[in-house]
1. Can you find a residue that is under 17 Å from Ser21 (Cβ atoms), touching a Leu at 6+ places or on another chain (Cβ under 9 Å) and among the aliphatic types (A, V, I, L, M) anywhere in segment 56-72?
2. Kindly establish whether Ile27 is free of Cβ contacts under 8 Å to residues at least 60 places away in the same chain and aliphatic (A, V, I, L, M).
3. For the condition at pLDDT below 95 and closer than 14 Å to Ala11 by Cβ, what is the one hit in Leu87, Leu82, Leu23?
4. What number goes with the only condition from (1) β-branched (Val, Ile, Thr); (2) without any contact (Cβ under 8 Å) to a residue 60 or more places away in the chain; (3) in contact with a helix residue (DSSP H, G or I) (Cβ under 7 Å, 6 or more places away or on another chain) that Val76 does not pass?
5. For segment 48-56, does any single residue satisfy the condition of being free of Cβ contacts under 8 Å to residues at least 40 places away in the same chain and not aliphatic (A, V, I, L, M)?
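The values are calculated or read from the model by the stated rules, or taken from the named source; none is laboratory data. Just so we're clear, the structure is a prediction, and the values are computed from it rather than from any experiment. Virtual Cβ from ideal backbone geometry, glycine too; neighbours counted across all protein chains shown.
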Amino acid sequence: MNMAIFARFHALDGKEGAVASELPSTIARVRHEPGCISIEAYRSLRDPGLFWIHSRWLDEAAFDQHAALPATNDFVERVQKLIDHPLDVTRARILQ
């Protein structure tokens, strides 16, 4: 069954541009991974330091494979230094 991921990133003061610059290449890479149905990055209109990634996956196994990739772990390591909270990732099922 398809699943969705919601990842939230709130930049440290002064790091908004750094977070924004991390997202495009990551999104482009992940779009081509097996099991990725879709992925988009968003920036809040009211809080320029708040970002989300929303992705859809064929199943949890596909996302787990993505999460284990060195490129994914490198992205997480880089972005954790730029945000003001612990990494916030939610796995969800689409309500039918």
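1. No, segment 56-72 contains no residue that is under 17 Å from Ser21 (Cβ atoms), touching a Leu at 6+ places or on another chain (Cβ under 9 Å) and among the aliphatic types (A, V, I, L, M).
2. yes
3. That would be Leu87, the only listed residue that is at pLDDT below 95 and closer than 14 Å to Ala11 by Cβ.
4. If we test Val76 against (1) β-branched (Val, Ile, Thr); (2) without any contact (Cβ under 8 Å) to a residue 60 or more places away in the chain; (3) in contact with a helix residue (DSSP H, G or I) (Cβ under 7 Å, 6 or more places away or on another chain), just (3) comes out false.
5. Within segment 48-56, one or more residues are free of Cβ contacts under 8 Å to residues at least 40 places away in the same chain and not aliphatic (A, V, I, L, M).
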